[in-house]
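Peer 1: This structure is in structure tokens; I'll ask about it shortly.
The values are calculated or read from the model by the stated rules, or taken from the named source; none is laboratory data. Since the model is a prediction, treat every value here as computed from it, not as a measurement. Positions of Cβ are generated from backbone atoms using ideal geometry, with glycine treated the same way; all protein chains shown enter the neighbour counts.
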Amino acid sequence: MSIVKFSTKSHYGLRLLTALASAEKGQAVSLAQISKKEKISRAYLEELAVKLKTAKILASKKGAGGGYYLRNAPSSVRLGKVIEILEGPVVDFDCIAGNIKCGVENACLSKKFWIKIKKDIERSLNSLTLEDLVGK
């Protein structure tokens, strides 16, 4: 059993983004093309693309030659941010977020460990960009 596990939202979302990053700069790519190439349901890609568009990672173009494209250079797209957009918080401990009070939170020695782990994971994920994946 894995403690940290990412869903297909992250996996397929990164595949969607790498497909767009691999296209010519500013070229819109249809989800139908990506769906066929990546063997991912078009409906699922649409769901992911809408989230990424709302977060201003993607933009879209309608009409002939339309589709989705990256709003910014792959070097400015942080993978930690993408995963957070698609999944929610990557590391979410109730005691750190203040969601629960256990009665010993002020004297809890393990809380420092969980805070460090959270920061290390977030730092690691945000040190990687879409450019790191596609090598452009």
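Peer 1: State whether the residues of the range 10-32 include one that is free of Cβ contacts under 8 Å to residues at least 24 places away in the same chain, more than 17 Å from residue 131 (Cα to Cα) and in a helix (DSSP H, G or I).
Peer 2: yes
Peer 1: Tell me, yes or no, whether the range 54-73 has at least one residue that is under 27 Å from residue 117 (Cβ atoms) and at pLDDT 95 or above.
Peer 2: Taking every residue of the range 54-73 in turn, at least one turns out to be under 27 Å from residue 117 (Cβ atoms) and at pLDDT 95 or above.
Peer 1: Looking only at the range 54-75, which residues are out of contact with any helix residue (DSSP H, G or I) (no Cβ under 8 Å at 6 or more places or on another chain), of a type in the set (Gly, Ala, Ser) and either at positive phi or not in a loop (DSSP other than H, G, I, E, B) (or both)?
Peer 2: 63, 65, listed by residue number.
Peer 1: Can I ask one more? State which residue pairs qualify: first residue within 26 Å of residue 126 (Cβ to Cβ) and inside the range 59-76, second residue in a helix (DSSP H, G or I) and not hydrophobic (A, V, I, L, M, F, W, C) in any location, beta carbons under 6 Å apart, and separation of 6 or more residues or different chains.
Peer 2: From the range 59-76, the pairs are 74/131; 75/131.
Peer 1: Test each condition in (1) surrounded by 12 or more Cβ atoms within 10 Å (Cβ to Cβ); (2) modelled with pLDDT under 85 for residue 82 and report the one that comes out false.
Peer 2: Checking residue 82 against (1) surrounded by 12 or more Cβ atoms within 10 Å (Cβ to Cβ); (2) modelled with pLDDT under 85, the one that fails is (2).
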